[in-house]
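Okay, structure first, notes after.
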Amino acid sequence: MPGAIGRAAELSGLDDAATRGVRLFYVHGAAGEGKTTLVRHWLERRQAPLRFLDDWTGDDEDALIAALRD
């Protein structure tokens, strides 16, 4: 995936956290920095059955809790 070029440190950080058992990740940054591409690449590379909640603005906690329950 081309968008992951130059993101080895970020991918390694996600891998390390997952290895330690972290189950919830919050990736933030300015629009257009490649957050979605980074996470999609990481999930594809891991080939793990993980959920990706994209585009949550933080305005609706109930929606986040409901998504995490599914």
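The values are calculated or read from the model by the stated rules, or taken from the named source; none is laboratory data. Only a predicted model underlies this, so the values are computations on that prediction, with no experimental measurement involved. Glycine gets a Cβ as well: all are built from the backbone with ideal geometry, and neighbour counts include every protein chain shown. To get the accessible areas, we keep the full protein, side chains included, count just its heavy atoms, and leave off ligands, DNA and RNA. Shrake-Rupley method; radii C 1.70, N 1.55, O 1.52, S 1.80 Å.
Of note:
- Summed over segment 34-48, the residues that are within 13 Å of I5 (Cβ to Cβ) and among the small types (G, A, S) give a count of 1.
- Selected residue (criterion: nearest to the chain's Cα centre (by Cα)) from residues of segment 22-47 that are farther than 24 Å from E61 by Cβ and of a type in the set (G, A, S): G34
- Residues being hydrophobic (A, V, I, L, M, F, W, C), modelled with pLDDT of 85 or more, open to solvent by 50 Å² or more (accessible area, probe 1.4 Å) and more than 19 Å from L68 (Cα to Cα) - total across segment 1-49: 4
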